């Protein structure tokens, strides 16, 4: 493993290679900037969900062995997946808040007699910074409304359910003459209820999530307790094939518990 790393570093730092010369011409810098650019290009091409477990497994493999590498890669993949799910939920809550404010402004403008296309202009310009994706979608819809394009098709380009509902409201208005203000106001109330429910569920689940985190940390406390009794459980886990196998089994149970707990929490949110 160390030999492979040394060969890769030598290829990357080889001074007269054509790839190095091209990178130096592109960056306008010396040999010091070539390695940085190469690492950056590699990180841009490799997905994060692959890069994080691979980096964790590589580090553990250098220190321990193949079993430790597999355990570290599995743990890295689990941590990345949990962080991805948490980030996705936070983005959903932020988008709901942005939609609620945008639809409120749109309903107020429509009740004041503003044309639907101009209402989209107003809403797109006043969208909060927290709802960046909502603002981008509304600005695209505004551009199509000004040019006489299909606004509903633009709103349905993403996977946002609120945008799809707004597209349906726009079609009702354009095809059947239904007052858009009433439909948008009802949609705003529905979005507000979704956001409030999500906030209440997150608050109710704070206790169970904390309990799950404590239970997850218990194996670590067990290792510390064994060390306090004069044993050496950490030394057994980090050295030798037996320690690697035990580490892999422990990480498998730990990852399964974390993912199952997160699945239960996600089911309660729905």
Ranked by how many other beta carbons lie within 10 Å on average, peptides 92-102, 222-232 from highest: 92-102, 222-232
Inter-probe distance in nm under a simple model that places probes 7 Å from Cα toward Cβ, at residue 164 and residue 115: 3.1
Contour excess over end-to-end distance, with Cα ends at residue 143 and residue 270 and 0.36 nm allotted per residue: 42.3 nm
Label-point separation, residue 234 to residue 89 (7 Å along Cα→Cβ), nm: 3.1
Per principal axis, descending, Cα span of region 155-270 in whole Å: 79, 28, 14
Computed over region 89-203, Kirkwood Rh from alpha-carbon pairs, angstrom: 14.0
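Coordinate-derived values only; no laboratory data. Worth saying up front: this structure is predicted, and the values here are computed from it rather than measured. Counting neighbours? That spans all protein chains shown, and the Cβs are built from the backbone with ideal geometry, glycine included.
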